[in-house]
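Reviewing the structure listed below.
The values are calculated or read from the model by the stated rules, or taken from the named source; none is laboratory data. Since the structure is predicted, the reported quantities are computational estimates derived from the model, not experimental observations. Because the Cβ atoms are built from the backbone with ideal geometry, glycine has one as well, and the counts that use them run over all protein chains shown.
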Amino acid sequence: MELTSLETASWFLDKPEPSAVDPTGQRVTAILVSRNGAAWLPETLAGLAASTIRPHQIIAVDNRSEDNSAELLQEARRQGVVDVVLTGSTSASFGDAVHQALAEAAGRDDWIWLLHDDAVPDPTALSELLTLSLRTLGLAIAVPLSVRPTRRRHASMTLELGASISGTGRRHVDVEAGEAAQGQYDPQVSLGGSTCGMLIRREAFEALHGFHSAIPSYRDGVDLGWRANLSGYRVMTCPEARFVHHQAGRSERRVGTIAQGRRRSEVAWDRLMGMRLVAAHTVGLARFLVWLRLVGGSLLRGLGFLLDKAPDQALDELRAMVDFVRSRRPVARLRRRVERIEASPTDRQRANALRPPWWSTFVLLGETVADNIRQALSSGRDEQISLGDLLGDEYESRLGDRPARLPIWVWVAGAAALSLIAGRRLLASGPVRAHQLLAAPDSLGQAYEVALTSPPGLSGRPSAWLLLEALGSTLALRPTWFVVALLMVAVPLTGLVAAWYLRHHLGQHRRISWVIALAYALLPVLLGGLNRGALWLVVLAIGLPFFVAWLHRWPTQTEGVRAWQPAAGVALALALAVPILPLLWVPAAAAVVLTVVRGGQGAWSWARAVLALGFPLLLWADWLMSLRLTPGRLMTTPAPLLNGATNDVAWQMLLGRTGSTGQPPLWISIVVLGVLWVAALIAALRLPSRSPVLVTGLVFIAVGVALSRFSVRIDTSEAMPDPSPWLLIGFAALLSLAVSWLSEASTSLARRDFGVAQALVGVVSMLLTGATLVSLAWWVVGGMTGLTRGDSAATPLYLAQNERATGASSLIVDQAQPTPAWALRSDGRATWGQGETRTGALASPTGWEWAQQAVAQIVAGRYDEDLTAHLVTLGVGYIAVIEPLPDTVAALDASVGLRRSSNEDGTVVWALVDLPTRTQVIGSDGAVLSLTPSDEVATTAPETRLALSLPVDPDLRVTVGGVRLEPVESVDWRATYDLGQAVGLVEVRQPVPDQWWRWIQLAGGFLVVLFALPSLHFRAGADRSPRRAHDLEEAL
Amino acid sequence: MRVKDWICLAVATVAVATVATAVLAPQGGAAQPVIPVQGQRQVACPVGDPAFGPTTVAAAAQTELTVWQVGSEATAPALSAELEDPAQPVVAVGDQSLGAVSTSSQHGKVQAVVCRPPISNGWWNGVWVTESQRSSLILTNIDSTAAVVTISLQGEAGPLETTGLRDLEIPRFSTRVVALNSYLTAEEPISVVLKASQGRLMATLRSQGDLGTDWQQSAAAPAVLSVIPWSPAGEGNRLLFLTNPSSDRRAEVQVEALGLEQSYVIAGAEEVSVAPGATARVELSQALRGQGVGLRVTSTQPVSATLVATGPDLAGLSAQPGLGGGIVLPVVPGASLALANPTPDPITLTIARRDAEGSEVGLEEIVLAEGSLEAPLAGDAGSIMLTASGPDLRVALVLSRIGQTEGLALAPLGVGGAAGLNIAIAYRPTVG
């Protein structure tokens, strides 16, 4: 006998030598059940006819098909392919038909071979099944390998090989559906499997009382196998036996199924069968827990589908759950049959071992999420591009540009290294501070307190941006971590998003698109945004490509739930943009309207536009409404009080030089943005169809420049609108124009001889590349050096410590500035929210006036005899003057109630002799006792009052030792309370107003995020997607 | 629209925007709030011993003021006040325009000062402590808490060792006269530095002897640019005393004359080197040849500068800060104003005359380019309000006669009041 290579190596593989068996003599009754399967029946019958072993008898049962299945079967009988054709009933299950056939069968054969009308057996299928059965002692059921239909000469794709069931009723298959079936599988014990092609030992079938009516379809094979395992029989898969299975039922192509008879989808029916099966196989007290788990799990799955924008799936799940709850009798009947098995502990243990572990659901969930994220990232114009492709040179090689050179990790490591070098100032401890970035609160709780509560004395709502910062902090766990993370990833992440946009939505595949993406990512750096700590500019830069991408999708996604995704995406982008710069809503609305008009998709498109544009206004309605008091904020960016002066030289604004701090040297702005201007203008001339992009960009730039000329009133202060957002969008448009031209020109000129046009493209490409490298260098060298961490070095450290320890404030005046600047600092640092509006004592008009007057006197080198008295009410413990003028020093030195405290590094500090704090107990005789945060009110005399350096606010809740104090008439401008007999610690709280609205905001935001995100298609992973199989088959 | 139209439109948009923005000056500077300095101003005036001659303290303000002698009750509020021969130093309290002048003819000579707020640091140069010329510091505590001061003396070569001048306590509402001659006698004039470690006080240097009699207020804090409003015209010596307070750095000083028509470096004062902690004396008489000029002193290190004029009377005038805000002064008969502008930009001094009832009776404007001048003040009663268009104008009262008594007194206005003084400040929470 000639040995095959496998046999030669069998000793090495340690496989037992298969014993020689002869299946040809086995008596097999094949039962083919048909129900409206005419579309596949001819193929099935042909496969049956080609079988190398003909069953002893082939009985066909037609369950009263409405198509010509019965005629096809009769014709097959006439041709001798089948022996008998029986007629069943329309309501009969597969099991009923099998039972009917066995009752009519001639004689009692050893084996039963079950056949579906939509499954084509390989010629050797029966032979292989019998061979395995004969070789395996105690084998009662052999389950063949089901494969998907494929094109001729294409590799077979695995569908399933045996099946099991999880505790939630989920169908579980051990093999990876969709992989090529290349003979890699070995026979394995299994809990059960599909009835399609199942070979059953007749003796065992009868011992098990056959199929049960409680599981009329889908899970009947698993039920039978499960009971067989419990009864001590063996159930095994037989991968050598193949069936091409169309799964006409699951893919909803068969009509007249039992599920349809019950007005249920096949998915819902399958779920019901799964739940019934699990419930029926659970005995004892555990069945109640299992019942609860099945119902609860089903509800959760329904919710999951709903969140995944699959309402039909959610409905199926809920219907299945309801049917399950109602179907107690069938479950009870099947459970009684299971209970009668009297399985031995060994058999029970063996059967349990064949079921997936409890955590398999979570593993599957994770895999599904990961799969779908990958799919989502690879979606777009070029469905074949994945994130990995995007990052690796393999992509280029696939496109035939160049061979792969650097793996992904090199790029990632390089970006991380550059980010670390650029953000070296962030590699320290303490909160991050910059010109436009106040220190983050210490905790999430404080971040939300700032975001949700208005400062005492102010009627306006906190800036919506603060809530976004708090939400971002939640994701990063701590506010400071959020700031650090966002600044660190700002450039790489923006670049990646821009690259994604360029490749997936503009279809830019050239290397230059990488350069353009990087150039775009560096725009915030060139505008000085990172140096100033303008987190909002980073968010805007990241969000802008998404906004444009969703606008691109608007005309193309017009069907079903998916049609709402672009609208939700636009709504989400605007929900982020409005808190940054409310005025941006106007051009965004124009863009949406233009898109809808050009798309011409009718009323529903307008409805989606209303959603997209109305949602951000509704979401931030409370804040926007409160802006009627400070309408100037509509034109400014977050923390407008931190905005610096604008650039006096108008033309420099066209080079991104807004005049604020943190900008690169002038020559860098000229080189980089000058190149961009040149490239954009050339692109506009060479690519006429894109001229509107140029116009759009220029309009944004012009608006930004024009707005920067005016100051707006914010809360009694004047602030300059920051033109950075307008310039960012304008320059982004110019970049987009440049890359479009370069890409199209490269493609169109590729096959022409070298000429002026190619030279122009080459020169512009090189210029853009060089400019981007210059920008990159600036980012690394000085693009983030304006950031600092920890307490300020401009004032002595003890000042901040005193503020925290005593609850006093410090009046800080910087005379080094051309216009002396000042702040009333508390708790050691200024934190989020204080750039939006005056807070603390300054929220009071009188407190504000007194503080300003004190500063004016200090700067003027004069002093008022009431200076210290006013400062005491403000809770000022120290006055610190940075680089004071001699007159100032002389005046403060000679002021009553002040004492020179220190003079270090150009900062002179004076302490108020009485060391006041912001919490003062005022006796009936006017005596003042200042309290630190840890001080308790020990005893009180009649008419003793508690004065806080806060404006009067009826919402303030002040307690002493847990006793809430009643407000009394203020002694000056401060919130004053009657201490009564209260003793103990003083606590001041500002309740969150309209909490219900916050919940609505949260829910609304969540829903929009949900709709905007790509669907994760949980159904695909949960049941291996019969519909997708169908889709695939249809595609084939 | 064709492509070219689009591009033209775009370029035109940017061009218009750019031109418009170039025309529209950014309102950043104007956006900063300008705060008028308000509040009460309090000044203290020295008085002489009635036994040696009469003293008059006169005060005026835009609104009502009160005056009180230390340890006494305040007067009723009025637009102006005048006290003849007060026994104790006088304190005047009013609005930020408040000004007061104390004039005296002690020992047959003329003394005058423009009263100032209390101080905690003071510098005096060119102080004679010889056998024939005695100097004393008059320290008056006008507050309700005690003040503690330390006085240190510096000679030509550096600090002078003295005992008994540390931690001098001046009880509340009291005056203490520190006779410097009791501590040392020096051939050459010395410098006096006062530091209050607690509280504040009115400090006036009184000098009397053969050279004449003089009251002198503290000089401005040492600086690299000092301006002495006036070196009076006429005969006599004009001595400039320069004190370098640094303990380790030598100061190289140049002295320029701010004449009426030009400024020039004074011969012999092109490069004066002042050792650390030392005082240098520069003889200006020969170079100035009797001309009245202002003096601009520039140095590589902060120095304190005082001009001392001798002749018919002793008169000292130290470097002063610019007149930062408006101030109302009672009219002193026979007095004139000495003005010095050390900057190249012309400064306008507005003099508004008011009668005793506060009604404006005249308005005069003096425009002064870089240089100095002396302008006589007409009138015998009422008040004048001085307002400068820039912060750098130095102003001093020049008084050569009180009644029949002749002499010379130079009384700088210092920073003046703060009436009409608007300060641009910016609230920035990130400061510090």
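Overview of values
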| item | result |
| --- | --- |
| Filter pass, A:VAL672 being of a type in the set (A, V, I, L, M, F, W, C), in contact with a Ser or Thr (Cβ under 6 Å, 6 or more places away or on another chain) and more than 9 Å from chain B (Cβ to nearest Cβ) | yes |
| Among the candidates A:ALA204, A:ALA142, residue that is surrounded by fewer than 24 Cβ atoms within 10 Å (Cβ to Cβ) and in contact with a strand residue (DSSP E or B) (Cβ under 9 Å, 6 or more places away or on another chain) | A:ALA204 |
| Qualifying positions in segment A:957-1003 - hydroxyl-bearing (Ser, Thr, Tyr) and modelled with pLDDT of 90 or more | A:THR959, A:THR976, A:TYR977 |
| Among (1) in contact with a Gly (Cβ under 8 Å, 6 or more places away or on another chain); (2) away from chain A (no Cβ under 14 Å); (3) surrounded by 24 or more Cβ atoms within 10 Å (Cβ to Cβ), the one test that B:GLY108 misses | (3) |
| Only one of B:ALA287, B:ALA219 that is touching a Phe, Trp or Tyr at 6+ places or on another chain (Cβ under 6 Å) and buried (at least 18 other Cβ atoms within 10 Å of the Cβ) | B:ALA219 |
| Boolean, B:THR387 is on the phi < 0 side of the Ramachandran plot, within 14 Å of chain A (Cβ to nearest Cβ), touching a strand residue (DSSP E or B) at 6+ places or on another chain (Cβ under 9 Å) and of a type in the set (S, T, N, Q) | no |
| Single residue of segment A:603-622 satisfying the filter (within 14 Å of A:ALA567 (Cβ to Cβ) and of a type in the set (Gly, Ala, Ser)) that is modelled with the lowest pLDDT | A:ALA603 |
| Flag if B:ILE327 is buried (at least 24 other Cβ atoms within 10 Å of the Cβ), closer than 21 Å to B:ALA61 by Cβ and aliphatic (A, V, I, L, M) | yes |
| Residue in segment B:356-371 that is under 18 Å from the mean Cα position of the chain (by Cα) and either crowded, with 21+ Cβ neighbours inside 10 Å or closer than 18 Å to B:VAL114 by Cβ (or both) present | no |
| Per-region count, segment A:822-862, residues within 30 Å of B:PRO391 (Cβ to Cβ), more than 9 Å from every other protein chain (Cβ to nearest Cβ), surrounded by fewer than 24 Cβ atoms within 10 Å (Cβ to Cβ) and under 47 Å from the mean Cα position of the chain (by Cα) | 1 |
| Candidates A:THR819, A:THR795, filtered to the one that is without any contact (Cβ under 8 Å) to a residue 40 or more places away in the chain, closer than 22 Å to A:VAL908 by Cα, of a type in the set (Val, Ile, Thr) and within 10 Å of another protein chain (Cβ to nearest Cβ) | A:THR819 |
| Looking only at segment A:704-715, and only at residues there that are surrounded by fewer than 22 Cβ atoms within 10 Å (Cβ to Cβ) and within 8 Å of chain B (Cβ to nearest Cβ), the one that is modelled with the highest pLDDT | A:ALA706 |
| In segment A:538-565, the residues that are touching a residue at least 60 places away in the same chain (Cβ under 8 Å) and within 13 Å of A:PRO725 (Cβ to Cβ) | A:VAL539, A:LEU540, A:ALA541, A:LEU544 |
| Hey, A:VAL561 at pLDDT 90 or above and either assigned to a helix (DSSP H, G or I) or on the phi < 0 side of the Ramachandran plot (or both) or not | no |
| Residue match in segment A:504-518 (condition: within 30 Å of A:TRP623 (Cα to Cα), under 26 Å from the mean Cα position of the chain (by Cα), surrounded by 19 or more Cβ atoms within 10 Å (Cβ to Cβ) and among the polar types (S, T, N, Q)) | no |
| Residue in segment B:389-400 that is touching a Leu at 6+ places or on another chain (Cβ under 6 Å), surrounded by fewer than 24 Cβ atoms within 10 Å (Cβ to Cβ) and within 20 Å of B:ALA81 (Cα to Cα) present | no |
| Some residue of segment B:180-193 being buried (at least 24 other Cβ atoms within 10 Å of the Cβ) and in a loop (DSSP other than H, G, I, E, B) | yes |
| In segment A:675-696, residue farthest from A:ALA759 (Cα to Cα) [restricted to those that are in contact (Cβ under 8 Å) with a residue 24 or more places away in the chain and within 8 Å of chain B (Cβ to nearest Cβ)] | A:LEU694 |
| Selection from segment A:780-811 of residues that are in contact with a strand residue (DSSP E or B) (Cβ under 7 Å, 6 or more places away or on another chain) and of a type in the set (A, V, I, L, M, F, W, C) | A:LEU787, A:ALA794, A:LEU799, A:ALA808, A:LEU811 |
| Residue within segment A:313-323 that is without any contact (Cβ under 8 Å) to a residue 24 or more places away in the chain and part of a loop (DSSP other than H, G, I, E, B) present | no |
| Counted residues, segment A:271-302 - those being surrounded by fewer than 23 Cβ atoms within 10 Å (Cβ to Cβ) and within 35 Å of the chain's Cα centre (by Cα) | 11 |
| Candidate set: segment A:633-654, residues that are under 36 Å from the mean Cα position of the chain (by Cα) and not in a helix (DSSP H, G or I); chosen: the one farthest from the other protein chains (Cβ to nearest Cβ) | A:THR637 |
| First in segment B:40-56 and free of Cβ contacts under 8 Å to residues at least 60 places away in the same chain, second anywhere and assigned to a loop (DSSP other than H, G, I, E, B) and of a type in the set (A, V, I, L, M, F, W, C), Cβ under 7 Å, 6 or more apart | B:THR55/B:VAL47 |
| Options A:SER746, A:SER724, A:SER660, A:SER736; residue that is within 11 Å of chain B (Cβ to nearest Cβ), small (Gly, Ala, Ser) and either buried (at least 24 other Cβ atoms within 10 Å of the Cβ) or out of contact with any His (no Cβ under 6 Å at 6 or more places or on another chain) (or both) | A:SER660 |
| Breaking point among (1) assigned to a strand (DSSP E or B); (2) surrounded by fewer than 20 Cβ atoms within 10 Å (Cβ to Cβ), for A:LEU102 | (1) |
| Selection status of A:ARG227, within 42 Å of the chain's Cα centre (by Cα) and either under 21 Å from A:THR158 (Cα atoms) or assigned by TED's automatic domain parsing to the domain that holds A:TRP40 (or both) | no |
| Counted residues, segment B:261-275 - those being touching a residue at least 12 places away in the same chain (Cβ under 8 Å), touching a strand residue (DSSP E or B) at 6+ places or on another chain (Cβ under 8 Å) and surrounded by fewer than 15 Cβ atoms within 10 Å (Cβ to Cβ) | 6 |
